[in-house]
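Asker: Input: one structure, supplied below.
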Amino acid sequence: MADNNSSGSMVPEEVATSKKKAMTSAERVRKYREKQKLINPNYSAQESARIEQIRKNRLLKNPEAERRKSRETSAKYRAKKRRAETFSTSPARSGFKSPQGLGRAVKRLQDVLPRSPNKRAQTITGLAKRHGIQLESKMSKELTKRSLTDETI
């Protein structure tokens, strides 16, 4: 069994030449912070104080711009929150697993509905009322009795 390694060992070539995967920037920073916490127990407090000092210095340089930026950020956050609330009240998802299932159910109902357009509309309106579904005004016609008025009699 001839091996091409110059060291003369019987290690497979893939293992001998494999390199350690490079760390991402986030991994490097995480490793650095963990090391700092081990070395200096007050690292977190010092880091917070350092960042706070940077913010204060920035505020001293241009307070009006910082206030305006803060107001804009808050307004954007509130608008985003309002939009999220609006979308969260969307109608419930369909109870059918697929659009074909819904189509099949509708077809079954259409097959058993009356052929007369007026009776069909009244039947659908009655079903909607029983199940608490609001229909458009043009769809929900009230049933009228074809009786003579009191004045005629």
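The values are calculated or read from the model by the stated rules, or taken from the named source; none is laboratory data. Computed from a prediction, not measured in an experiment: that's the story for all the values here. Virtual Cβ from ideal backbone geometry, glycine too; neighbours counted across all protein chains shown.
Asker: Could you tell me whether the range 126-136 includes any residue that is modelled with pLDDT under 85, surrounded by 10 or more Cβ atoms within 10 Å (Cβ to Cβ) and either assigned by TED's automatic domain parsing to the domain that holds L59 or over 27 Å from the mean Cα position of the chain (by Cα) (or both)?
Answerer: Taking every residue of the range 126-136 in turn, at least one turns out to be modelled with pLDDT under 85, surrounded by 10 or more Cβ atoms within 10 Å (Cβ to Cβ) and either assigned by TED's automatic domain parsing to the domain that holds L59 or over 27 Å from the mean Cα position of the chain (by Cα) (or both).
Asker: How many residues are among the acidic types (D, E) and within 21 Å of Q36 (Cβ to Cβ) when one looks only at the range 46-81?
Answerer: 2
Asker: Does the range 49-66 include one or more residues that are at pLDDT below 90, acidic (D, E) and loosely packed, with under 10 Cβ neighbours inside 10 Å?
Answerer: yes
Asker: Only residues that are among the basic types (K, R) and either exposed (fewer than 13 other Cβ atoms within 10 Å of the Cβ) or under 37 Å from the mean Cα position of the chain (by Cα) (or both): list them for the range 112-125, please.
Answerer: Once the filter is applied, which keeps residues that are among the basic types (K, R) and either exposed (fewer than 13 other Cβ atoms within 10 Å of the Cβ) or under 37 Å from the mean Cα position of the chain (by Cα) (or both), the range 112-125 yields R115, K119.
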